[in-house]
Amino acid sequence: MHPTDVSDPHYYHRVVDCQWGCPAHTNVPEYIRLIALGRYTEAYMLNRHSNVFPGILGRTCDRPCEPACRRTRLDGEPVAICRLKRVAADLRGDIGDLLPRIPAEKNGDRILCIGAGPASLTVANDLLPLGYEVTMYEKLERAGGLMWNNIPQFRLPPRILDEEIDMVLDMGVALQCGREVDSLAEVLEEGWDAVFIGTGAPRGKELDLPGRWDAPDQVHIGIDWLQSIAFEHIDSIGERVLVIGAGNTAMDCCRSAVRLGGADVKVMARKPRPLFKASPWELEDAEEEKVEILENHSPSRFLVEDGRLVGMEFEIVRWHEGEGGRLRKEVLDTKVIPCDEVLLAIGQETAFPWIEREIGIEFNEWDMPVVDRATFQTTLDGVFCGGDAAWGPENIIWAVEHGHQAAISIHRYCQGTSVRERPPYGQNLVSVKMGLHEWSYSNNYDESQRAEMRYADLKERLASMEVEAELGFDLERACQEAERCLNCDVQTHFTDQLCIECDACIDICPVDCLTITWNGKEAELRTRLTAPAENLDQPLFASVGLPHTGRIMFKDEDLCIHCGLCAERCPTAAWDMRKSELLIPYAGLEAGRQHPNRKQAEVGP
Amino acid sequence: MTHIPKPRIRHPSLRINAVGLTRRDYEGSMSTLCAGCGHDSITAAIIEAAWELDLEPRTVAKLSGIGCSSKTPTYFLGTAHGFNAVHGRMPSIGTGAQATNPDLTYIGVSGDGDSLAIGLGQLCHVIRRNVDMVYILENNGVYGLTKGQFSASADVGSRAKRGQVNRQQPIDPALLALTLGATFVARSFSGDKAQLVPILKAGIRHRGFALVDVISPCVAFNDHEGSTKSYRYTRENLEEAVDADFTLPTAGITASYEPGSVRAVTLPDGSVVHFRKVPDEFDPGNRDRVYAYLRERQGAGEIPTGLLYLDPDAPDHRDTLETVSTSLVDLPFEELCPGREALERLLTDFR
C-alpha cells in the first residue's frame, strides 16, 4: 500500500461516516457536541450552514447519515442524528443576528429560479448574500415545494416550515406565486443572467390496470391527494383504504388516510419488506398507527360494480432472482380485497412539457434534460437544474446539496469563470489535547442504547392532521443520545517519525484497529491485521516506513471508537487526537473563508 | 495513568477459545505504568498466551514482588488468584504455593531489581529447586520506580539518562539460570510478540521452572541514546538465535517445515516445541554449548533471543521431594491430618 495522505481533506472526511453520508456534508459530530454543551443556537447555525432547513430536516430527513453511522457497526443502532438535529432547532434562541447580511447594493446580476422548493430556496440562500437579485416563479400559491404540499402536517408543523422558508425569502427573494411557466423560451427572453430549474418531480405515476377509469373519483394519485389535503380541498376519505406502493409517499398517504377517517387502511406492496423503499422508521410509525402493511401483493385490477369501486384484485406472488439479479415473480394465487378508495403511491416523475426542445437544452432517452453531474448546468449555458427536476425523485437533503452546487456554478458563470473548475475543499486539523490525559471531547464509550422517540398519545394524534406525532427528544434523552456519538471527527492522527514501535497503542486499542507489520498489497494486508479488516467500504490508513524497523503502521478505520486511548498510551505523541473540520466551498466563498452564515465559526468540541 | 478504563466494546471478529472466553476476558485493570512501557506489551503477550492456551483464569495464580514489573499482574487475568509478595520474596511464595496446590498454573512476574538485587538469593534457589512455574523477568536495566538508577542487569558502558556510565559487571539472568541447572531458559523482547507469545506458552506448559528474561525498555528512564536497553538499541542488536514454535497436544501440526530443519521436543503433557531455526554450532538441549554460544555472541555485542535451553524431562521439586501428587486442599482431612498416633509414629522415627 502507498502511504495515506491525510492532508487530502477527503481522507478524514470519509472517516466521519455521517458527514460523508450526508449529501450536504453537515458537520454532525460538531453539532452533537454543541447540543451536549447546551449551545443549541450554535448547533442550529452549524446545521443551517450546510443544510439550510434544520428544523424541517430534523423531522423529515431521509437520514442517509444514520445507516452510515459507525455506531451501527458497533452496537447495531445508529446515533439518532436526525432527532438531535430537531433538538437544536427546538431549543435554539434567536438567530436573527446570525443570518447572513444582505448587501443593500446589488451586484447587478438577476437570477431566476423556476419552482420554489428546497433546491431553489438553497440557491437563493447562497446567492442573496453575494448581492444577487433572485426571483422565483412558483406555480402554487406558496413557496416550499413538496416540503409543504407533500409532507403532512402531523410530521411537519406549518410553523416550522414557514419559519425556515421565510428565513430565505426574507433575505429578499422576489417570489411570484401562482406563476406557472409554460414556455422556457419566453422566460429566457426576459433577460435573466442565469436561470435555475427546480421544478421537482411533480407527476405521480399512474397505475393503468383494468377498471382504473371506471370509478375515477375513488382512485387518487398519492402526491396529488396529499397536496389537496395541504390545500384543504380534501378533509375525509372512505372507511376502507388501499394504498398501493411502499415508499415514503405511501407512508404519508396511509397515515393521512387514518387521520381523515380511514378505519381500515392497508398498504399493498408488490415486493417483500426488505425491498421496500420506505424508511424503516416510517414503516414502524405507520404500523403503530394501526396501518396494515401487506407484502407480495401485486395489483391486477380494480373491481367496479355499478360505477362504484368495491375492491381490488391482487396476485399473491413470490419473487425469484432471475438472470442478472433481476427479480422474477411467480404468481401463487389471486385475492380480492374490498375497499372504498385507493391511493396510488408507486412513484413520481419529472415533467417538462414547458421546455421547448429546440432552444438548446438536450433531453435524454427518458425525456429528462441532460444535466452535468458536477456543474448542474444543462446543455444550454446559463440554465441550471437541480433537485428532483435534475435526475428524478431523491429527497430534501439532496435538493439542498444540488442547490449549493448550482449556486457555485451560477456565481462562477456570472463572474465569467469556468463552471467546470470547482472550488476545492479544505481541512482544519487541530489537536484536542488539553493535558496529560485530558481531551476536549467526551472520549469514553457510552454503552447506552439509542434513545426512543416520544410520541403524542395515539388517540389524540389520530384525531387530527395537525397534531404532531413525534414530540422530539426531551433534554435528558438529547444529552443521553449525544453521548452515544463517537466523535468520529476527532481523528487518530499519526506522526510516523515519532513512533518507537513500543506496541502500546496496539495493546490498548479496545477494537483492535491497529497493526504494525510489513507492507503488502491491500487485499492481502486486510487479512493479516490484528483483527481482519473485512469492511471494504472503510479505508485502511498506512504510514510510511517507521524509523526503527521500516515496518508500517496500519489502521483499519472501520470500528475505531475514537476513544483516544492510543494517543493516551503513546509515549512520544506519535498518535494524537486531532479534530478535523471539513471546509466546504460555497458560492463566492472559497473553503476556509469565513462564511456570513457562520459568524461564530470556530466552536470547540 | 489514564482517566477512562478501556471500553468493554470489542471487535466482532474476536474469537472465543475452548473455555468460551475471548482475549478481552483475560484482561485486568487499566495499567498505571508510563505510556509506552515495555511491561505493558509483556502483559498483552501474557494475555494472548493465556487465551491461546485456553487457561481458565481461576486456575491461575499470579505472583510478584515489588517494582514496576511486579505491579503488572493487576493488569492481566483479572479473575485469577494472586499474591503480591515482599520485595524479592516472590520465589518463596511461589515455592510454597506450588508445593501445596500443584493444580494451579503459576505465573511469576518480576523485574531486574526484584530478581537480581534484593531477591537474587531467592531466584537462585527457586531455579535450582526447579519449582513448576513460569518466571517472567521484565528486564529494563534500571530502577524505574525510583527514577532510573542502574540495576544489576545494566551493561558495562551503558549510559544513564543523566549521563553517568555504568562500570559494574551485569548479572545476566539467562547465564545465571544455566549455571544453576535451569530446565527452561529463554530470552525475548517486549517489542516482539511473535516470538514472546510462543515462548510464554511453552514456559507455562513446561513442567519445572521456566525463566523468561524479557528485555522491556523503560520509556521514562532508559530509552535514550547510550542506553543498551532502549527500544532502538535492542532492535539493532537483537539476534534471534533460535526460532521456536509451540503446539498444543490437541492442535494438529499445520506448519510444514523442511525436513532436517526442525527439531521437535515433546513436553510431558504432549505439547510440542518445534525449533525451526537453530544455528549450526547450537543445540538447545546441550547446556554447555548454549552457555558458550551465549557468551560468544554477547561478547560480539549481540543480544541472542529465543527459547535457548530446554530440558523437558528433568524432575521438578515435587518429584525430588516425593510429595503427594494431589493438591492439599483435595486431600481428605484424615490423610492431611492423620492424628496423634501417626504423629507419634513419625516422631519415633527421629528418635
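Any read-out appearing in this document is the output of simple, stated calculations on the displayed coordinates, not a laboratory observation. Note that this is a predicted model, so its numbers are computed, not measured. Please note: Cβ atoms are built from the backbone with ideal geometry, for glycine as well, and neighbour counts cover all protein chains shown.
Tabulated values for the structure
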{"quantity": "A:L209-A:E452 pseudo-label distance in nm [points 7 Å out on the Cα-to-Cβ vector]", "calculated": "3.7 nm"}
{"quantity": "Among A:M312, A:S300, A:M268 - extreme Cα towards positive end, dipole of the range A:254-327, charges at beta-carbon", "calculated": "A:S300"}
{"quantity": "Contact order normalised by residue count of the range A:204-345, Cα under 8 Å, 6+ apart, percent", "calculated": "31 percent"}
{"quantity": "Anchor B:K277: aspartates and glutamates whose Cα lies under 15 Å away (excluding residues fewer than 8 positions away in-chain)", "calculated": "B:E239, B:E240, B:D243, B:D245, B:E258"}
{"quantity": "Charge dipole (debye, nearest 20) of chain A; +1 at Cβ of Lys and Arg, -1 at Cβ of Asp and Glu", "calculated": "1100 debye"}
{"quantity": "DSSP beta bridge pairing in the protein assembly as shown, given as percent antiparallel to the nearest 5", "calculated": "50 percent"}
{"quantity": "Nearest-20 debye value, the range A:276-368 charge dipole, Cβ charges on Lys, Arg, Asp, Glu", "calculated": "380 debye"}
{"quantity": "Cα pair distances in the range B:57-100, grouped into 5 Å bins until the bin that holds the longest one, percent each", "calculated": "6, 24, 32, 24, 14, 1"}
{"quantity": "In degrees, nearest ten, helix A:396-415 long axis to first principal axis of chain A (Cα)", "calculated": "80 degrees"}
{"quantity": "Given charges at Cβ of Lys, Arg, Asp, Glu: the range B:137-221 dipole, positive-most of B:N139, B:F221, B:I199", "calculated": "B:F221"}
{"quantity": "Average other protein chain Cβ within 10 Å of Cβ, residues A:294-303", "calculated": "0"}
{"quantity": "Dipole of the protein assembly as shown [Lys/Arg +1, Asp/Glu -1 at C-beta], most positive-end residue of A:C254, A:L98, A:P129", "calculated": "A:L98"}
{"quantity": "Other protein chain Cβ atoms within 10 Å, averaged over every residue that makes up A:559-566", "calculated": "3"}
{"quantity": "Average other protein chain Cβ within 10 Å of Cβ, residues B:5-18", "calculated": "5"}
{"quantity": "Percent antiparallel among DSSP beta bridges (both partners in chain B, rounded to 5)", "calculated": "35 percent"}
{"quantity": "Compactness of the range A:490-583 - radius of gyration and Dmax, Cα, Å", "calculated": "12.5, 37"}
{"quantity": "Peptide ranges B:155-164, A:263-272, A:191-200, B:269-278 listed from the most packed, as the mean C-beta count within 10 angstrom indicates", "calculated": "A:191-200, A:263-272, B:269-278, B:155-164"}
{"quantity": "Dipole magnitude (debye, nearest 20) for the range A:490-583, charges at Cβ of Lys, Arg, Asp, Glu", "calculated": "180 debye"}
{"quantity": "Whole-Å distance, taken between Cα centres, linking the range A:96-158 and the range A:201-261", "calculated": "29 Å"}
{"quantity": "Within straight-line cross-link reach of A:K266, lysines at Cα separation under 17 Å, skipping those fewer than 8 residues along the same chain", "calculated": "A:K277, A:K290, A:K335"}
{"quantity": "Between the range B:191-248 and the range B:58-94, the Cα center-to-center distance that results, in Å", "calculated": "20 Å"}
{"quantity": "Computed over the range A:72-166, Kirkwood Rh from alpha-carbon pairs, angstrom", "calculated": "15.9 Å"}
{"quantity": "Calculated FRET value between B:S325 and B:A264, using beta carbons and R₀ = 22 Å, to 0.05", "calculated": "0.20"}
{"quantity": "Mean projected area in nm² (Cα convex hull; one quarter of hull surface) for chain B", "calculated": "20.9 nm²"}
{"quantity": "Residue pairs, from the table A:K433/A:K579; B:K62/B:K201; B:K71/B:K147; A:K271/A:K329; B:K193/B:K229; A:K579/B:K6, whose Cα atoms sit over 19 Å apart", "calculated": "A:K579/B:K6"}
{"quantity": "Within the protein assembly as shown, helix-based [θ] at 222 nm, where runs of 4 or more DSSP H residues each add -39,500 (n - 2.57), nearest 500", "calculated": "-8000 deg cm²/dmol"}
{"quantity": "Rg/Rh for the protein assembly as shown, where both radii come from Cα atoms and Rh is the Kirkwood radius", "calculated": "1.11"}
